[in-house]
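Working notes, beginning with the structure itself.
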There are 2 protein chains.
Amino acid sequence: MTLLTHIKHNAQYLPAKLAVSDGPVKYGWSEFDTRTRNLAASLASRGVKKGNRVGVLMSNGYAYLEAYYAIPRLGAIIVPLNIRYAPAEFSFAINDSGAVALLVEDTFWPLYEKFAPQLETAQQVAQLVVRYNRPGQPVPEDALDYETLVREGAAETAYQDAEIDEEDVVGLFYTGGTTGRSKGVMLTHKNLTHNALITVIPGQVTSRTVYCHVAPMFHIADAAPAISYTMMGACHTFLPKFDAQKALEIIERERVNHIGLVPTMINLMLQVPTIKDYDLSSLELIFSGGSPTPVEVLRKMRQLLPCKLRQGYGMTESSPTITVLDWEDMLRAMEAPPDSPATRLLGSCGVPGINIEVRLVDSLDREVPVGEIGEVTVKAPNVMKGYWNLPQETATALRNGWLHTGDLAIKDENGYFYIVDRKKDMIISGGENIYSAEVENALYCHPAVLEAAVIGVPDPKWGERVHAVVVLKPGWEATEAEIIARCREFISGYKVPKSVEFVSEMPKSGAGKILKRNLRDKYWQSGLVQVS
Amino acid sequence: MTLLTHIKHNAQYLPAKLAVSDGPVKYGWSEFDTRTRNLAASLASRGVKKGNRVGVLMSNGYAYLEAYYAIPRLGAIIVPLNIRYAPAEFSFAINDSGAVALLVEDTFWPLYEKFAPQLETAQQVAQLVVRYNRPGQPVPEDALDYETLVREGAAETAYQDAEIDEEDVVGLFYTGGTTGRSKGVMLTHKNLTHNALITVIPGQVTSRTVYCHVAPMFHIADAAPAISYTMMGACHTFLPKFDAQKALEIIERERVNHIGLVPTMINLMLQVPTIKDYDLSSLELIFSGGSPTPVEVLRKMRQLLPCKLRQGYGMTESSPTITVLDWEDMLRAMEAPPDSPATRLLGSCGVPGINIEVRLVDSLDREVPVGEIGEVTVKAPNVMKGYWNLPQETATALRNGWLHTGDLAIKDENGYFYIVDRKKDMIISGGENIYSAEVENALYCHPAVLEAAVIGVPDPKWGERVHAVVVLKPGWEATEAEIIARCREFISGYKVPKSVEFVSEMPKSGAGKILKRNLRDKYWQSGLVQVS
């Protein structure tokens, strides 16, 4: 019912069972309970109270896992910070959440010093800054050291965990802000526990499973498994950040069974020339998200890795599970004759998870027929409580009791979902809906195109017209006319870009997604494109 | 989030996958969806409305499974009736719930006719009586036939399922009334869904699993798997009622993987002389409850059955999971030297299920230390909403946010629970707590004793004194003094019965439990023993 239930359960029933294996740091669930209790007690003794927010700026490791449990133990709220933020994005998230404390890994100290002047210290923001470093690399002597905090907490004998309700917020997960200002998504114990329950069932996770944190732990894509694998008493291993060869090494060394990766990471691992030298026989399951895995990657995976793949579609607002495509479905699609309808399943994000309802709706919230495009809406116990301090945005996102994802999708006659585009990225030109993703796919067919983004810009006749922004591959050349001509081979005339703009680099969010709103800004006074 | 989510999901994604295999009746999840929709539509067209109660008096079969889903589809509340009730108990449950409709299997028609005159028809109770019979055995022509209802529902094209919230009540499950009047336990979609989630995880249930309903479907012990196996899209098979040989036959014929049984049923199956002639290789898991499985039964099971056993402790009020003892634990205990402490695990009901908190408390709700006896209290999303129309009893049972089970237990240093007695069956004599179960175990050591029940009766000096009620085995004889002497060999003097009463049969509840309150009635004016 709450995350604390799980760690108490593990401490009682799996006390010596390995909880963490992070290089030299190895300990069981009893120790995990003690360490998170002591950290919580130490933070509490330094003034952190129930309901306070605590920012975390760390790379993957045991201390991050501890933070996910120690902070909720005292009823405080964790604010995991994207390590790729720009300084202004850090100060925004910290100020917006009103964090009273920060845990900062030493690596990120220079970064912290850059954004520290922007923190609203007058409002008691980030008065308590804890520095952490990996074992053997101590932090400066004058700093408040993480391990010292953990040690000192043992003396706080009067400390008691807060009384927690399943509706209490565990964390504020700031969105990438691809379509507006970054928002703090409030995920509760109920949200995260339900997501954990429905993911461990098909994953057949047990206390004997070894999970490797490779995706960044600040992101819900890895925060969610941090919780689900803990629920089952599994063992956590960590890569501080992704590196294809190191990922293969850790699978062999730690006998990793389950791992979460994005398709690009899978591809990079398969490209490592020495992959066959590693013993990867422990690997049972890769789960993946973000985008469908290209079929060439899947085929190579079948040759080189002994495991299943499950790919899902989700978002921070749903903690994150929405739909999942099973390995059996992917195998079926791969074994179908090329160009047969069965192969299209490889572009699907699958079917709703257990206890999750998904409906595609029009602008009046009416369900659209099979095969037609509608906005993905979701009803499930893992749908967020709301956006932090944004009641209006919350009411809009959760209207009529359904999460409106802003993603456009099609459902086929068998109930499989296919994501088409972000709703805000759809262009309406002369009354026709144009999906930017489809146009971008056409642009990528030109060999000189490295990155492409398609937006709608104002047009006196058509309302909007299709405009492409392109980054060329280094050393390549192409003209506007050549690129437009190439697109014409793949998509209908009204979808073809009317203009192409060449840029040297794309504006991107901390998570690496292209910020289309920044591209649109110079064409639209309001900075917002009105669609439907 | 609601039971309807599961059957909609199955209809969409597993439409042709076998849902039901009940003799000649075999159909998939699409058909299950259609049939339950049509039954719901037919009931709605005959006046059953959201929130109405519908009684069900049937033995195990596909129609019962349909009732569990059709009735909630229209937002009505199912009232499963214990088929072993006496007529007065039937009319009590139907009148208390105010059921407007009844589904009655033809076998039980004579019984129905007995209690029908006691129904409060003036208050619109049971105005609609539907008769069901098994395929090939039609109901009388003037009756409202179940299959006709299902057929006619197809014409109700305007019918729409009710809007359901997870806090809505699915069913009223009447308790056996062993310690007072029978109470209608309100279990919600949230309660039953959460119980389903936490049981399918360790059970590793998938859509390929075949489950056999052997325990009676009116009882939560089998209603809960009806829901959890449906959630996973598994196949349901049925024995109308338990018969050891028929259970072996159905396992072989239907390739059953999972089955729920009480220890007595397991023992009876193991006693079938021809057990080795059956192909039972499909069997993976037996789950069991009610009481610990005797070690001789476990040993025999290991020889004759290829499967694991999980035994649990639960109750209707918790939908029902509270604790579970794993097969691995049982194996460990069985392999320990006889009389070593490790063997005592076989008397344990295990550890709390996922997301379930269990605390043993004293009469002031303070947690008792390890090794001491306390009342089992439970906090979990599967704890009932309350008792139907009994706000005072509900407030008492759920005080301070914890379900007070009325069961007394010990927790050992490893966190395993051992049920000691019902709190209301505990006797306080001269300030000493005496657990009736312990005294009864001593009584069973006398070879002439068939059944034994121990109660406290008024005593001017000691407050209460220990009194035994005994049924002797046919053809055996024993005196009060002989029985008391035998007890003295096993338990301390203050626990030994001061008096023994011989009876020819015990008063029992519909579920076969001895009704100690009836035994006590003649000794206590109020009919209630006051303890602590």
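Every read-out reported here was derived from the displayed coordinates using simple, explicitly stated rules and does not represent laboratory data. All of these numbers come straight from a predicted model, not from anything done at the bench. Reconstructed Cβ throughout: ideal geometry from the backbone, glycine too, with neighbour counts over all protein chains shown.
Below is a table of values for the structure above.
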item	result
Label geometry 7 Å along the beta-carbon vector: residue A:51 inter-copy distances in nm	3.5
Under Karplus coefficients 6.51, -1.76 and 1.60, residue-wise ³J(HN,Hα) of segment B:4-20 in Hz, glycine/proline x	5, 3, 5, 6, 5, 4, 5, 4, 6, 9, 10, x, 9, 4, 4, 9, 9
Cut-off 17 Å (backbone N to label point 7 Å along Cα→Cβ of residue A:296), residues of segment A:252-270	A:263-270
Around residue A:28: net Lys/Arg minus Asp/Glu count, Cβ-Cβ under 15 Å	+2
Equivalent ellipsoid dimensions for segment B:242-422 as semi-axes, Å, which come from the Cα gyration tensor, largest first	33, 21, 12
Cα-derived Rg over Rh, computed across segment A:62-141 with Rh taken as Kirkwood radius	0.95
Qualifying chymotrypsin sites (Phe, Trp or Tyr not before Pro) for segment B:461-500 [loop in DSSP, other Cβ within 10 Å: at most 13]	B:476
Per-selection Kirkwood Rh - chain A (Cα, Å, 1 d.p.)	24.5
Three-way shape label, segment B:263-357, alpha-carbon gyration tensor, a/c 1.5	oblate
Largest-first principal axis extents of the Cα set of segment A:19-86 (Å)	32, 31, 15
Exam field: residue A:343 pseudo-label spacings to other copies (7 Å along Cα-Cβ), nanometres	6.6
Degrees separating the helix A:295-304 axis from the principal Cα axis of chain A, which is the longest one	40
Kirkwood hydrodynamic radius of segment A:220-317, Cα pairs, Å	14.0
Percentage of interatomic Cα-Cα distances in segment B:418-475 larger than 19 Å	33
Number of partner chain Cβ atoms within 10 Å, mean per residue of A:1-11	3
Debye intensity ratio in log₁₀ form over the Cα atoms of segment A:92-233, taken at each q of 0.15, 0.18, 0.19 Å⁻¹	-1.09, -1.40, -1.43
Two-site FRET efficiency, residue B:473 against residue B:336, from Cβ-Cβ distance with R₀ of 41 Å, rounded to 0.05	0.80
Straight-distance crosslink candidates among lysines, where the alpha carbon sits under 18 Å from residue A:411 and sequence neighbours closer than 8 are dropped	A:379, A:423, B:8
Rg/Rh (Cα only; Kirkwood hydrodynamic radius) as it applies to segment A:3-189	0.95
Pairwise label distance in nanometres, residue B:365 with residue A:249, each label 7 Å out on the Cα-Cβ vector	5.5
Counted charge near residue A:522, where neighbours are those whose Cβ lies closer than 14 Å (Asp, Glu -1; Lys, Arg +1)	+1
Relative intensity, log₁₀ I(q)/I(0), of the protein assembly as shown from a Debye sum that treats every alpha carbon as a point, q = 0.07, 0.09 Å⁻¹	-0.71, -1.14
Formal net charge of residues neighbouring residue A:85 (Cβ-Cβ distance under 12 Å; K, R +1; D, E -1)	+2
Mean ellipticity per residue at 222 nm, deg cm²/dmol - from DSSP H runs of n ≥ 4 across chain A, formula -39500 (n - 2.57)	-9000 deg cm²/dmol
Whichever aspartates and glutamates have a C-alpha closer than 18 Å to that of residue A:473, once near sequence neighbours (fewer than 8 apart) are set aside	A:440, A:451, A:482, A:501, A:505
Per-residue average of Cβ from other chains inside 10 Å of A:188-201	3
Cα gyration tensor category, rounded, prolate or oblate, for segment B:429-521 with a/c compared to 1.5	oblate
